[in-house]
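What follows is a set of notes on a single structure, which appears directly below.
What follows draws every value from the coordinates through simple rules; no lab data is involved. Please read all numbers here as calculations on a predicted model, not as lab measurements. A quick note on method: Cβ atoms are made from the backbone with ideal geometry, for glycine too, and the neighbour counts reach across all protein chains shown.
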Amino acid sequence: MLSIEERKFWQFLLHAMHDLRSSLCCVEAFTYLLREDERRPTMTYDEWCHVLDRFEEGYGKLQTKMGSLIDLAYYNTVDRLERKDKVLVNELCRDMVEDQDVKVLYLSDIPDHYAVTSNKTALKKVLEILLRHATTRVIERKDDSRERLVYLNVTERGTEGQLTFAVSDTGELPTPEENQRYLNPPADTDVKKVSTVTEVYNCRLLVSLLGGFAYVDPDYKNGRRVIFSIAVQ
């Protein structure tokens, strides 16, 4: 017999897959129009290019949604990840903060030669998702009263045997309830936000598989700060 939380999770996954199937049907219908010259709407070249750009954007979001759902199902079924990569932490993080849509400040108290043995692909995925969501929040902030910044901090201080990361943004101020739910397993009511809620929860699962933990800092008052750690080997 499934628990209430397990039932909510599988209801979410079922409805999300149904929503994904509906989106794929729309893609199939649109590609049919693209193939049939006589069925194309009467548009100028610029209008048609605009439609194609929107289609490409939507298809990219669909791929992200599909990937996050596949990851969600996979990370819920594995007990461990191989941690055999030598990761130069400062080098990885500096690469991750480049080419972001807003300014990202990287602050670290570890030397450049500092390395951990972990799963580089998984760690990189966690950082990519959290940085992308942080920059999106900053870009979508409605007021200009504060500078639009994202911070990535890394420190050895804190829990023994753990390396701690913090991704902070200056986006809209979330409520305490929103922060509390942010890293929770997705529920049936989250279907319309599939990519966001699944990607963020996938980060929590990945961090756990890397021997660490993740939470939202309740004391950060300038936006949202997600703190996570990985085991140091």
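Computed quantities for the displayed model
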item: In nm, spacing of pseudo-spin labels at ASN90 and THR159 (7 Å Cα→C-beta vector); result: 2.5
item: Peptides 205-214, 105-114, 119-128 ordered by average Cβ neighbours within 10 Å, highest first; result: 205-214, 119-128, 105-114
item: Estimated FRET transfer efficiency when R0 is 25 angstrom, pair LYS221-GLU140 (beta carbons, to 0.05); result: 0.85
item: Segment 85-231: relative contact order as a whole-number percent, Cα under 8 Å and 6+ apart; result: 23
item: Full-extension gain in nm, GLU147 to GLU178, via 0.36 nm per residue minus C-alpha separation; result: 8.9 nm
item: Cα Rg over Rh - segment 85-231, Kirkwood; result: 0.95
item: Full-extension gain in nm, ASP99 to GLN233, via 0.36 nm per residue minus C-alpha separation; result: 45.2 nm
